[in-house]
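Notes to accompany the following structure.
Nothing in this text is a laboratory measurement; each read-out follows from the coordinates by a stated rule. These numbers come from a predicted model, not from an experiment. Glycine gets a Cβ as well: all are built from the backbone with ideal geometry, and neighbour counts include every protein chain shown.
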Amino acid sequence: MQTRQATARLILAALALAAAAEAGATSVLLLTAGPGRAQLLVDDSTLRGLRTGERSPEGVALVTATTESATLIVDGRETVLRLGERNDGKVTLFADRDRRFRARVQVNGTPAIGLIDTGAEAVTIGRRLATALGIDYAQGRRAKLNTVVGPVPGFLVTLDSVKIGPIELAAVPAVVADSDAADFGLVLVGTSFLGRVHFEQRGNRLTLIPWK
């Protein structure tokens, strides 16, 4: 059985490598997956549904898949993607029902839920969430945040790191709002992070692209 699977992988890799030689690098986003199947967005433009052993016209082959991840051969190389991941170092987010973009983030290595907020000058976190994330905000310089409900007191801090997908930035300026309001229950990802990446929006998709 193992010999048969290894042979299948070699055949898929050879076919994918031949296809890759005729084209440039192929980008792949794993949208959904299940036992033996996966739905992909190829080159940010084409939806492809593959089953184990199948290869798309772009040369992307599906080796195996579970409900959480898929093993693919892209441009002749085997890669494992989890749901929502890409193979090119970029991050693609999809708008929710209220047309806002949420993302799984890590702040100083601790996971949280983030909300993309291009109107915020800095990454902004409420004091309760900041405490949960282990941020010693009380040592920061006092400041005032201008919000839609008026000025809110806060503290200026510098986060060791903020990470979304494979994109990780160090020394990110942030503000901890001295408030427990629901508006500050998520990590608001403002321009102190977004200003250090490229991003482009196509309809309900927002793609973050690391600087090279």
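Under 5 Å between amide hydrogens, which residues at least 5 positions from Phe199 or on another chain qualify, with H placed 1.01 Å from N in the peptide plane?
Ile209
Send over the semi-axes of the stretch 91-210's equivalent ellipsoid, whole angstrom and largest first, taken as the square roots of 5 times the C-alpha gyration tensor eigenvalues.
Semi-axes (√(5λ), whole Å): 23, 16, 12.
Taking H placed 1.01 Å from N in the peptide plane, check which residues at least 5 places from Val123 or on another chain put their amide H under 5 Å from its amide H.
Val175, Gly190, Ser192, Phe193
Could you grab the relative contact order for the stretch 91-210? Cα pairs under 8 Å, six or more apart, rounded to a whole percent.
For the stretch 91-210, the relative contact order is 35 percent.
Looking only at GluC sites (Glu not before Pro) in DSSP loops with at most 13 other Cβ atoms within 10 Å, what is the longest site-free stretch of the chain?
It runs 69-212.
I'd like the distance between the alpha-carbon centres of the stretch 37-71 and the stretch 149-189, rounded to an integer number of Å.
A separation of 36 Å, based on Cα centres.
Scan around Thr32 for amide H atoms under 5 Å from its own, H built in the peptide plane at 1.01 Å from N, and keep only partners 5 or more places away or cross-chain.
Gln39
Give me a comma-separated list of calculated 3J(HN,Hα) values for the stretch 153-167, in order, Karplus coefficients 6.51, -1.76, 1.60 applied at θ = phi - 60°, integers in Hz, x for any Gly or Pro.
Couplings: x, x, 9, 8, 9, 10, 7, 4, 7, 9, 10, 10, x, x, 8 Hz.
Under the Karplus relation 6.51 cos²θ - 1.76 cosθ + 1.60, θ = phi - 60°, what is the ordered set of whole-Hz ³J(HN,Hα) values for the stretch 29-40, x standing for Gly and Pro?
10, 7, 8, 9, 7, x, x, x, 8, 7, 10, 10
What is the Å³ per residue value for the convex hull set by the Cα atoms of the stretch 122-174?
92
Give me a comma-separated list of calculated 3J(HN,Hα) values for the stretch 78-87, in order, Karplus coefficients 6.51, -1.76, 1.60 applied at θ = phi - 60°, integers in Hz, x for any Gly or Pro.
7, 9, 10, 10, 8, 3, x, 8, 10, 9
At 20 °C and a viscosity of 1.002 mPa s, what translational diffusion coefficient does Stokes-Einstein give for the chain, taking Rh as the Kirkwood radius over Cα pairs? Give it in µm²/s as a whole number.
My calculation gives 113 µm²/s for D.
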